[in-house]
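Below is one structure, written out as structure tokens, with a few remarks after it.
The values are calculated or read from the model by the stated rules, or taken from the named source; none is laboratory data. Since this is a predicted model, take the numbers as computed values, not measurements. Cβ placement follows ideal geometry from the backbone for every residue including glycine, while neighbour counts extend to all protein chains displayed. What goes into the accessible areas is simple: the full protein's heavy atoms, side chains included, and nothing from ligands, DNA or RNA. Shrake-Rupley method; radii C 1.70, N 1.55, O 1.52, S 1.80 Å.
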Amino acid sequence: MIRLLVQMILPAILVTFVACNAPPVPLDDIVIEKTFTPERCDRMVKSGDFVRYHYIGMFPDGKKFDSSYDRGTTYNVFVGRKQLIAGMDKALVGMCVNERWMIKIPPQLAYGKDGYGDIIPPDSILHFDVLMLDIWNTEDKVQIKTYHKPESCVRTVQVSDYVRYHYNGTLLNGTLFDSSHTRLRTYDTYVGIGWLIAGMDQGLLGMCLGEKRIITMPPFLGYGENGDGSDIPGQASLVFDVILLDLHNPKDEITVEVQSLPDHCPRKSEVGDFVRYHYNGSLLDGTFFDSSYSRNRTYDTYIGKGYVIAGMDQGLLGVCVGERRRIVIPPHLAYGEEGTGTKIPGSAVLVFDVHIIDFHNPSDIVEITSVKPEKCIYNAKRGDFVKYHYNATLMDGTYIGSTQTFGKTYDVVLGAGQVVIGMEQGLIGMCVGEKRRLVIPPHLGYGERGVDGEVPGSAVLVFDVELVDLEEGLPEGYMFVWNSDVTPNLFSEMDKNKDAQVDTTEVYCFIPRVLA
């Protein structure tokens, strides 16, 4: 039994030994073994396509006879145009980028009975380990795939627009050759006028601000036969992953979007007005660069006189107190090609969300709105002693003070400099029981400095005033304190009628002269 088993096994071993050492079996056609297939295959080789691939050429015993890797360059050729051996022309059809195949080609589809010089003997079966890197066709155009589009698209890129964008640039097989992200700055250029490779000039057209798209272009719309001389090889298809951050046209003017208006707008700002406003400043893609709110104080300036960038000078004209508006300013009306060197890049469109707190003109006078009682017997004059209640606010309604907080009237002698000039002007001519609203510009209020912790500098003031009581001239027992030396002849100077007495009328006549 054992002898029979040995007799059966021995012939089998001998057959196997002979098969392992037998000469290659002739092939009738090409044989393809797919050693790697990518998950995604957007395009397969067709006859007539131009391909770039790496390969290792071997004989069946594994001996290498050629390699593109050894030469440090891909093999670049049209498929189906008899620029390759017949077997390779046939075998490459259907390959995907990044796909790897082992291709076995019989001699009749390779170099046949003649072989190839001293390199390939006659009747050689050839094995090629091929890695496909690039596929394109002379009929190809720029391919655009948008994978993110903003909800709102007010404007798209047109010929002659200036754009700022970030990108990653890769070859068709995914090899990165350049990125604006790694340089931490956008790529800034005009579109459609030849400042870019043709494929990018075409691929950027029609983009929305904030849009993300993949732009794929054949080499004849990229860097052509020679590449860029460094990272981009010749005849390479290019893929750009782009996000558009900014666009404008040199002909652009500012755009103004009114976001809210007050119910009452008695006056709009004009050239020469002094404006106090809050703002948030951002780039067109929403990147924040500055805010008056973070400093907890308004930005205060004259408008129309070049104190601010040209676009803001224009954008602040025609505003109402309390208005909120968005002002979009192209770079040639902002910080130009250079930017600020820090937070604002060159050629950046700026967006300002503005809230107007107040404005005035140096020529403004006190605005008076009055509600008089039915009977008005006497009007307050300089030198009169008046008692009044008031509520004080800024133009935006911010509370400043009120007589209600200390439960009594505010008492002053008109013309004695005890209140700001605008208040004195607003009180003169009032009747007891009269109510007035006084709008006082800062040059008649607390001026450029304001009152520390209470009234901002250059603030317009609003007083709601009610005159409660008044006395003509000086009240009985009213005393004055001089801040300068008193004349030694005070009594005689006040005693105009030389009756050795000083009455109320003589005091009234003397005090305004002293205070003047």
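What pairs can you find where one residue is in region 432-454 and among the small types (Gly, Ala, Ser), the other is outside any loop (DSSP other than H, G, I, E, B), and their Cβ atoms are less than 7 Å apart, with a gap of 6+ or different chains?
Close Cβ pairs satisfying both conditions: GLY433/LEU467; GLY445/GLY422; GLY445/LEU461.
Please pick out the residue among GLY72, GLY62 that is modelled with pLDDT under 95 and at positive phi.
Working: GLY62 fails: modelled with pLDDT under 95.
The conditions single out GLY72.
Among the residues of region 156-204, count how many are in a loop (DSSP other than H, G, I, E, B) and either farther than 30 Å from CYS41 by Cβ or under 20 Å from the mean Cα position of the chain (by Cα) (or both).
Selection size over region 156-204: 14.
Look at PRO262 and say whether it is part of a loop (DSSP other than H, G, I, E, B) and either touching a residue at least 40 places away in the same chain (Cβ under 8 Å) or among the charged types (D, E, K, R) (or both).
yes
Do we find that PRO250 is touching a residue at least 60 places away in the same chain (Cβ under 8 Å) and not in a strand (DSSP E or B) in this structure?
Here the answer is yes, as PRO250 does meet what is asked.
Which of the residues that make up region 77-89 are among the small types (Gly, Ala, Ser) and open to solvent by 30 Å² or more (accessible area, probe 1.4 Å)?
The answer is GLY80, ALA86.
May I ask you to say which residue of VAL386, VAL371, VAL420 is within 13 Å of VAL460 (Cα to Cα) and of a type outside the set (Asp, Glu)?
Just a single option satisfies the conditions, and that option is VAL420.
How many of the residues making up region 157-174 are closer than 10 Å to GLY192 by Cα and either at pLDDT below 95 or open to solvent by 50 Å² or more (accessible area, probe 1.4 Å) (or both)? It would help to see each step written out before you state the result.
Within region 157-174, the first condition is being closer than 10 Å to GLY192 by Cα, and the residues that meet it are 157-162.
Still in the running and either at pLDDT below 95 or open to solvent by 50 Å² or more (accessible area, probe 1.4 Å) (or both): 158-159.
Looking only at that region, the number is 2.
Given the structure, is ASN391 polar (S, T, N, Q), at pLDDT 95 or above, under 47 Å from the mean Cα position of the chain (by Cα) and farther than 26 Å from VAL271 by Cα?
It is true that ASN391 is polar (S, T, N, Q), at pLDDT 95 or above, under 47 Å from the mean Cα position of the chain (by Cα) and farther than 26 Å from VAL271 by Cα.
Output the residue which, of all residues in region 441-464 that are out of contact with any strand residue (DSSP E or B) (no Cβ under 7 Å at 6 or more places or on another chain) and under 13 Å from ILE365 (Cα atoms), is surrounded by the most Cβ atoms within 10 Å (Cβ to Cβ).
LEU444
If I go through region 297-324 residue by residue, how many of them are open to solvent by less than 20 Å² (accessible area, probe 1.4 Å) and assigned to a strand (DSSP E or B)?
Final tally of qualifying residues: 1.
Which one is farthest from THR175 (Cα to Cα) among residues in region 46-76 that are touching a Leu at 6+ places or on another chain (Cβ under 8 Å) and surrounded by 17 or more Cβ atoms within 10 Å (Cβ to Cβ)?
The residue in question is MET58.
Just the residues that are of a type in the set (Val, Ile, Thr) and part of a helix (DSSP H, G or I), please, taken from region 413-457.
Going residue by residue through region 413-457, those that are of a type in the set (Val, Ile, Thr) are 413, 419-421, 428, 432, 439-440, 451, 455.
Answer for region 413-457, where residues must be of a type in the set (Val, Ile, Thr) and part of a helix (DSSP H, G or I): just ILE421.
Restricted to region 330-377, and to residues that are among the aliphatic types (A, V, I, L, M) and over 30 Å from GLY397 (Cα atoms), which residue is surrounded by the fewest Cβ atoms within 10 Å (Cβ to Cβ)?
Here is the first cut: in region 330-377, the residues among the aliphatic types (A, V, I, L, M) are 333-334, 344, 348-351, 354, 356-357, 365-366, 368, 371, 377.
Next cut, over 30 Å from GLY397 (Cα atoms) only: 333-334, 344, 348-349, 377.
Working: LEU333: 20, ALA334: 22, ILE344: 20, ALA348: 28, VAL349: 23, ILE377: 7.
Taking the candidates together, the pick is ILE377.
For residues in region 108-149 being within 21 Å of ASN76 (Cβ to Cβ) and of a type in the set (Asp, Glu), which is most open to solvent (accessible area, probe 1.4 Å)?
Filtering first and then ranking leaves GLU139.
Need pairs with beta-carbon distance below 6 Å; first residue closer than 20 Å to ILE232 by Cβ and within region 169-192, second small (Gly, Ala, Ser); sequence gap 6+ or separate chains.
From region 169-192, the pairs are LEU171/ALA236; LEU172/SER237; PHE177/GLY169; ASP178/GLY169; TYR187/SER180.
In the list SER269, SER294, SER230, which residue meets the criterion of being within 30 Å of LEU172 (Cα to Cα) and either open to solvent by 70 Å² or more (accessible area, probe 1.4 Å) or part of a loop (DSSP other than H, G, I, E, B) (or both)?
SER230
Can you tell me which residue within region 208-227, out of those that are assigned to a loop (DSSP other than H, G, I, E, B), out of contact with any helix residue (DSSP H, G or I) (no Cβ under 9 Å at 6 or more places or on another chain) and open to solvent by 10 Å² or more (accessible area, probe 1.4 Å), is nearest to GLY72 (Cα to Cα)?
Among them, the one singled out is TYR223.
Got a sec? Which of TYR302, TYR307 is touching a strand residue (DSSP E or B) at 6+ places or on another chain (Cβ under 8 Å), in contact (Cβ under 8 Å) with a residue 12 or more places away in the chain and closer than 20 Å to PHE359 by Cα?
One residue alone meets the criteria, TYR302.
Going by the conditions given, is MET95 surrounded by 18 or more Cβ atoms within 10 Å (Cβ to Cβ) and within 30 Å of LEU204 (Cβ to Cβ)?
So MET95 does not fit the description; no.
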